[in-house]
Amino acid sequence: MPLRLVILGRQGSGKGTQCSLLVEHYGCVHVSTGDMLRAAREEGTELGRAAGELMDRGDLVPDDVMIGIVGERLAKPDIVEHGVLLDGFPRTPEQADALEDILEGQGAVLDVAVNLDVPVDDVKARMLARGREDDTPDAIDRRLRLYEEQTEPLIDWFEGRGLLEVVDGLGTEDEVFARLQATVDDRLA
Ligand code: AMP
């Protein structure tokens, strides 16, 4: 069975790097809803314009829109054949319910949701060290707070389904990846 994996992690947790390593190792398809929305915005599609305003405010794009987009993507043959690493979706328990239904419709299940855990103080220090213009201490605090608010119900949802694994995200890229791999392989065994 191809792997179906969800990854969660704060901004600055190293999630992007670990996603690249995971898809390389497991051969599954990386689906980042943030990337999909940013691409739609670049293209200037109707979705991109509507989503752009919400994204700027840190608000979520409505569940029905996201569920439609991801449902279409998950039905494509590359994912059916090779599996998926979902990054940025689900974001709400409603999206998680829908994901469960979509996978069930394909005769598939979610294998695991991994929370790549890096403490708030560490991600703040990492983001400040990157020195990006939009990474002011206030903006960082705001984004992290929003993430916390939005993600907490989702963590509970995965935990309730027995699907949650917490992986320590501190250490070198290789160390963190080794932990991720061990966690995923354990689940698959
Ligand atoms: P990300 O790159 O995952 O942080 O996503 C950037 C922005 O895109 C978020 O702040 C949301 O506005 C929007 N977004 C991405 N994924 C979702 C989702 N699953 N549900 C709702 N909004 C989303």
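The values are calculated or read from the model by the stated rules, or taken from the named source; none is laboratory data. What you see is a predicted model; the values in this text were computed from it and never measured. So basically every Cβ, Gly included, is an ideal-geometry build from the backbone, and we count neighbours across all protein chains shown. Please note that ligands, DNA and RNA were not included when accessible areas were found on the heavy atoms of the full protein model with its side chains. Shrake-Rupley method; radii C 1.70, N 1.55, O 1.52, S 1.80 Å.
Surface analysis of the chain yields an accessible area of 53 Å² per residue, using protein heavy atoms and a 1.4 Å probe.
What shape does the chain take by its C-alpha gyration tensor, where a ≥ b ≥ c are the square roots of the eigenvalues and a/c under 1.5 counts as rounded, a/b above b/c as prolate, and the rest as oblate? Cα axes put the chain in the oblate bin.
On the chain, 49 percent of the accessible area sits on carbon and sulfur atoms, based on a 1.4 Å probe. Across the stretch 86-92, coupling constants 3J(HN,Hα) worked out from phi with the 6.51/-1.76/1.60 Karplus curve, θ = phi - 60°, read 8, 10, x, 9, x, 10, 9 Hz, and Gly and Pro carry x. Across the stretch 136-164, the residues whose backbone nitrogen lies under 16 Å from the label position 7 Å along the beta-carbon direction of L128 are 136-145.
Sorting F89, F177 by accessible area puts them as F177, F89; the probe is 1.4 Å, largest comes first, and only protein heavy atoms count.
Using the Cβ-Cβ distance between D174 and D56 with R0 = 35 Å, the FRET efficiency computed as 1/(1 + (r/R0)^6) comes to roughly 0.45.
Accessible area per residue (1.4 Å probe, heavy atoms of protein chains only) ranks L170, L99 as L170, L99, with the largest value leading. Given +1 at the Cβ of Lys and Arg, -1 at the Cβ of Asp and Glu and no other charges, the dipole of the stretch 35-189 around its Cα centre is 320 debye to the nearest 20.
Dipole orientation for the chain: of the candidates T17, M1, A96, T17 has the Cα lying most toward the positive pole (charges on Cβ; Lys, Arg +1; Asp, Glu -1).
In the assembled protein chains, T151 presents an accessible area of approximately 10 Å² (probe radius 1.4 Å). Spin-label model, H30 to D78: label points 7 Å out along the Cα-to-beta-carbon direction sit 1.2 nm apart.
A probe of 1.4 angstrom, applied to the heavy atoms of all protein chains, finds H25 with accessible area near 90 square angstrom.
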